[in-house]
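S.K.: Pasting a structure below so you can have a look.
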Amino acid sequence: MARPPWTTTMPLLLSLILLSLLLLLLPLSSSQSSHFRSSKRTPPRFPTRFSRLNKPQLTTKQRTQQQQQEYRYETRYFEQSLDHFSFSDDLPTFRQRYLINTEHWVGPNLMGPIFLYCGNEGEIVWFAENTGLVWELAPRFGAMVIFPEHRYYGESVPYGSLDEAYKNATTLSHLTTEQAIADFAVLITNLKQNLSAQACPVVLFGGSYGGMLAAWMRLKYPHIAIGALASSAPILQFEDIVPPETFYDIVSKSFQHESTSCFNTIKESWDALESEGSKNDGLMQLTKTFHFCQKLERVDDLYNWLDSAYSYLAMVNYPYPANFMMPLPGNPIKEVCRKIDNCPEGTSVLERIFEGVNVYYNYTGEYDCFQLDDDPHGLDGWNWQACTEMVMPMSTSQDTSMYPASDFNYTYYKEDCWNSFRVKPRPKWITTEFGGHDFKTALKMFGSNIIFANGLLDPWSGGGVLEDVSESIVSLVTEKGAHHLDLRAATAEDPDWLLEQRASEIKLIEGWLHDYYREKKADFAS
């Protein structure tokens, strides 16, 4: 779900992410901090925006031009229906952006495959930059590559602007998974028709929330796509299918595995934050300790800033240096805990915490201070989804978590969504629409050709499919894998187990295509 990945509060705070992603925390006792009584924890999506004072940031155009030198593509736009399930002719359309590369495509006469990545909750260029596997497989399979953008994100916004699209519940009402998947289906159908490529097989790819969409699209439109690689896709993170504490337990275990003292310092820090924030000059002191550009207005904001960092670190705990969410070293949690544990004697708990999270927020040392505000539109898009159908309950446990213990409180969650959007969540809709309970039986009977790839270091793996369902619905689980690591570009530092995972994925995709071509050959011969 993402994203981060994926941590924000409502009204807005941090997000991605994410694919990532929604949730209320309520204390188990009256002694819990005011933050956990009043805030809503949502799964992490996108990172906080910073002030980079000594070096200007690249613009979106500059970053796109820079990336196109590595991954060549053409940016196109497709006129999409705002509502695929209505026949009213007075609804507006919108321009859906998509990236396309036909450099290696062998064409319709040879039934060259089409690799389609299901866009996540954000700008599509960012996901294209971080999904090297698809680009690397294209020449091997003679495939066309398409990255369509998810509606209401990036440039694919209806009603002419973000402000109008995100104005209220009426204008946001068409931001749903069902509509997004239909966008992909309509786009690829139209494109194949225009290229006389109706016989060309489509393989879906997706990570996090995009992985969920890829799996669900394969189930909903089996005639459009022959298979899906769904990486780090928490399709079971709904209702009571998995324990709500699963996500944050995995985050906590990642830190505890590296260092028990690091884990304990983080666990102690929440009370220290509450204590400091309650002092007359506490917020100003916290502002200085954590190097914020403007004075901290609420302790809640700092709680979520830290929560976001820990969640993302667990998601992108890759074995080599990477620049997915942030520029980070290999095994970043190990580095965070080293910083926390190796502070000089006498260093306070909160100063230790800053030294640790500074690895996430400022590993390159380029930032002089940090800002807590983020793009409200980017956040509101996911917040809307979380307040309607993407209700993924989360809590934290007393004994196994490094966070204060809290329960998921649906009553508060529902009230928060009503106050934010004037809508009521539908926590049972996703499992009604796509399944969830007794998922294995349903998939055995009605599904085929889906790879569920998960790394057990990824906190989203707790909501993923971790066992084979059938011969063609396969679970690939890696003990040391993090958030959709398999979809990232190959590097010289890739461990053997990652190479083996990708080899298994390629073999399965080859099998899908082989079966498809065999069936088409039989059809031609008959």
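S.K.: Determine whether segment 442-457 contains at least one residue that is surrounded by fewer than 22 Cβ atoms within 10 Å (Cβ to Cβ) and β-branched (Val, Ile, Thr).
M.R.: no
The rows are residues; the columns are (1) of a type outside the set (A, V, I, L, M); (2) part of a loop (DSSP other than H, G, I, E, B); (3) more than 20 Å from the chain's Cα centre (by Cα); (4) within 18 Å of residue 105 (Cβ to Cβ).
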| position | (1), (2), (3), (4) |
| --- | --- |
| 192 | yes, no, yes, yes |
| 205 | yes, no, no, yes |
| 233 | no, yes, no, no |
| 239 | yes, yes, no, no |
| 255 | yes, no, yes, no |
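S.K.: Another question, if that's okay. Out of the residues in segment 215-231 meeting the condition of being among the aliphatic types (A, V, I, L, M) and more than 13 Å from the chain's Cα centre (by Cα), tell me which one is most open to solvent (accessible area, probe 1.4 Å).
M.R.: Going residue by residue through segment 215-231, those that are among the aliphatic types (A, V, I, L, M) are 215, 217, 219, 224-226, 228-230.
Filter once more, keeping what is more than 13 Å from the chain's Cα centre (by Cα): 215, 217, 219, 224-226, 228-229.
Working: 215: 1, 217: 1, 219: 53, 224: 26, 225: 1, 226: 25, 228: 0, 229: 0 Å².
This residue is 219.
S.K.: Which residues, taken from segment 301-322, are over 18 Å from residue 481 (Cβ atoms) and open to solvent by less than 20 Å² (accessible area, probe 1.4 Å)?
M.R.: Once the filter is applied, which keeps residues that are over 18 Å from residue 481 (Cβ atoms) and open to solvent by less than 20 Å² (accessible area, probe 1.4 Å), segment 301-322 yields 302, 303, 304, 305, 306, 307, 308, 309, 310.
S.K.: OK, next. Filter segment 422-480 for residues that are hydroxyl-bearing (Ser, Thr, Tyr) and more than 23 Å from the chain's Cα centre (by Cα); which is farthest from residue 229 (Cα to Cα)?
M.R.: 441
S.K.: To continue, here is another question. Name every residue in segment 138-165 that is of a type in the set (A, V, I, L, M, F, W, C) and open to solvent by 10 Å² or more (accessible area, probe 1.4 Å), in order of residue number.
M.R.: Selection gives 141, 157, 162.
S.K.: If you don't mind, there's one more thing I want to ask. So is residue 492 open to solvent by 60 Å² or more (accessible area, probe 1.4 Å), of a type in the set (A, V, I, L, M, F, W, C) and closer than 22 Å to residue 138 by Cα or not?
M.R.: yes
S.K.: Take the residues in segment 320-362 that are hydrophobic (A, V, I, L, M, F, W, C) and in a loop (DSSP other than H, G, I, E, B), then tell me which one is farthest from residue 272 (Cα to Cα). Can you show your working first?
M.R.: The initial filter retains those residues of segment 320-362 that are hydrophobic (A, V, I, L, M, F, W, C), namely 322, 324-326, 328, 333, 336-337, 340, 343, 349-350, 353-354, 357, 359.
Now restrict to residues that are in a loop (DSSP other than H, G, I, E, B): 324-326, 343.
On the way: 324: 31, 325: 28, 326: 27, 343: 17 Å.
Among them, the one singled out is 324.
S.K.: Run residue 255 past the list (1) of a type outside the set (A, V, I, L, M); (2) at pLDDT below 95; (3) open to solvent by less than 50 Å² (accessible area, probe 1.4 Å) and report the number of the one that doesn't hold.
M.R.: (2)
S.K.: If you don't mind, another one. Can you find a residue that is farther than 24 Å from residue 494 by Cβ, open to solvent by less than 10 Å² (accessible area, probe 1.4 Å) and either touching a Lys or Arg at 6+ places or on another chain (Cβ under 6 Å) or of a type in the set (Gly, Ala, Ser) (or both) anywhere in segment 112-120?
M.R.: Looking for residues that are farther than 24 Å from residue 494 by Cβ, open to solvent by less than 10 Å² (accessible area, probe 1.4 Å) and either touching a Lys or Arg at 6+ places or on another chain (Cβ under 6 Å) or of a type in the set (Gly, Ala, Ser) (or both), one finds at least one in segment 112-120, hence yes.
S.K.: Another one. Considering only residues that are out of contact with any strand residue (DSSP E or B) (no Cβ under 7 Å at 6 or more places or on another chain) and either within 18 Å of residue 131 (Cβ to Cβ) or exposed (fewer than 14 other Cβ atoms within 10 Å of the Cβ) (or both), which ones fall in segment 462-482?
M.R.: 471, 479, listed by residue number.
S.K.: Kindly indicate the residue of segment 323-343 that is within 19 Å of the chain's Cα centre (by Cα) and open to solvent by 20 Å² or more (accessible area, probe 1.4 Å) and also modelled with the lowest pLDDT among those meeting that condition.
M.R.: The selected residue is 323.
S.K.: Name the residue, out of 246, 189, that is surrounded by fewer than 24 Cβ atoms within 10 Å (Cβ to Cβ), closer than 20 Å to residue 78 by Cα and polar (S, T, N, Q).
M.R.: Every option except 189 fails the conditions.
S.K.: Of (1) open to solvent by 10 Å² or more (accessible area, probe 1.4 Å); (2) under 18 Å from residue 481 (Cβ atoms), residue 208 satisfies all except one. Which?
M.R.: The one condition residue 208 does not meet is (1).
S.K.: Scan segment 241-266 residue by residue and report those that are closer than 16 Å to residue 466 by Cβ and out of contact with any strand residue (DSSP E or B) (no Cβ under 6 Å at 6 or more places or on another chain).
M.R.: Step one: of segment 241-266, the residues closer than 16 Å to residue 466 by Cβ are 241-243, 246-247, 249-250, 253.
Those that are closer than 16 Å to residue 466 by Cβ and out of contact with any strand residue (DSSP E or B) (no Cβ under 6 Å at 6 or more places or on another chain): 242, 243, 246, 247, 249, 250, 253.
S.K.: List the residue pairs whose Cβ atoms are under 6 Å apart, where the first residue sits in segment 266-277 and is of a type outside the set (S, T, N, Q), the second is part of a helix (DSSP H, G or I) and open to solvent by 30 Å² or more (accessible area, probe 1.4 Å), and the two are 6 or more positions apart or on different chains.
M.R.: 268/349; 272/349
S.K.: Could you please let me know if residue 395 is crowded, with 24+ Cβ neighbours inside 10 Å and over 22 Å from the mean Cα position of the chain (by Cα)?
M.R.: no
S.K.: Another question about this same structure. Which one of these does residue 421 not meet: (1) under 30 Å from residue 158 (Cα atoms); (2) touching a strand residue (DSSP E or B) at 6+ places or on another chain (Cβ under 7 Å); (3) aromatic (Phe, Trp, Tyr)?
M.R.: Here residue 421 clears every test but (2).
The values are calculated or read from the model by the stated rules, or taken from the named source; none is laboratory data. Treat the numbers as computed from the prediction; the structure is a model and nothing was measured. Every residue, glycine as well, gets a Cβ built from its backbone with ideal geometry; the counts of neighbours run over all protein chains shown. Only protein heavy atoms, including side chains, enter the accessible area calculation; ligands, DNA and RNA are left aside. Shrake-Rupley method; radii C 1.70, N 1.55, O 1.52, S 1.80 Å.
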